[in-house]
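Presented below is the structure to which this report refers.
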Amino acid sequence: MTAQRLPLADPGVPDVLRIAAIGFAPCATLLAGFDLDLHAVADDAAIPGSYWGDCEAGLIGNTVYARADTPLHSLLHEACHLIVMPAERRALVHTNATDSIAEEDATCYLQILLADRLPGVGRDRLMADMDAWGYSFRLGSARAWFAHDAEDARAFLECANSSLLD
């Protein structure tokens, strides 16, 4: 498998950017551009549709759920799953977006691209956060994968919607 997300024993430990660092507004604006809704969950509440639990973002239909302590990489990852999937699947999705390796890779690639659209984030920080959180790539890091091993992800995105690569 090219890209894989691995749960950590204590996801609160990694020093990663969280929604609280930039606020919900720029995240909601970004997602709205893809016809997605962002639902802010109370700090002490469980996140609906979260596959990994704890502070990880969740998804149900066209809505991404997150708290202020949700890592930005998690928010982007779940949103990108919805962005790359066909509309008919998007409407039915709840918690688990896919078992497709190709779609997972495309999601990772797109989340790196979209990080450049969030103030104070950018692809370099996002890739560092992905590594810190425990994403696993064949070449050892998100940066190496993105630069040298993501042709399949780019091809998937080109087929799904070539404007995603602009």
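All of the numbers you see were taken from the coordinates with simple rules; none came from a lab. Note that the coordinates shown come from a computational prediction; the quantities given were computed from them, not determined experimentally. Note that we place each Cβ from the backbone using ideal geometry, even for glycine, and neighbour counts take in every protein chain shown.
List of remarks:
- Sole residue being touching a strand residue (DSSP E or B) at 6+ places or on another chain (Cβ under 9 Å) and not hydrophobic (A, V, I, L, M, F, W, C), chosen from SER163, SER136: SER136
- Test for LEU165: is it surrounded by fewer than 22 Cβ atoms within 10 Å (Cβ to Cβ) and free of Cβ contacts under 8 Å to residues at least 60 places away in the same chain: yes
- Selection from the stretch 95-123 of residues that are without any contact (Cβ under 8 Å) to a residue 12 or more places away in the chain and either among the charged types (D, E, K, R) or crowded, with 21+ Cβ neighbours inside 10 Å (or both): ASP99, ASP116
- Qualifying positions in the stretch 48-65 - free of Cβ contacts under 8 Å to residues at least 24 places away in the same chain and touching an Asp or Glu at 6+ places or on another chain (Cβ under 7 Å): ALA57
- Looking across GLY120, GLY134, one residue alone is over 19 Å from LEU59 (Cβ atoms) and over 15 Å from the mean Cα position of the chain (by Cα). It is GLY120.
- Residue satisfying all of: in the stretch 94-133; of a type in the set (A, V, I, L, M, F, W, C) and not in a helix (DSSP H, G or I); farthest from SER162 (Cα to Cα) among these: VAL121
- Scan of the stretch 134-155 for residues that are buried (at least 23 other Cβ atoms within 10 Å of the Cβ) and either without any contact (Cβ under 8 Å) to a residue 12 or more places away in the chain or assigned to a helix (DSSP H, G or I) (or both), ordered by number: ALA142, TRP145, ALA153
- Identity of the residue in the stretch 69-90, among the aliphatic types (A, V, I, L, M) and farther than 14 Å from PHE156 by Cβ, that ends up nearest to the chain's Cα centre (by Cα): LEU76
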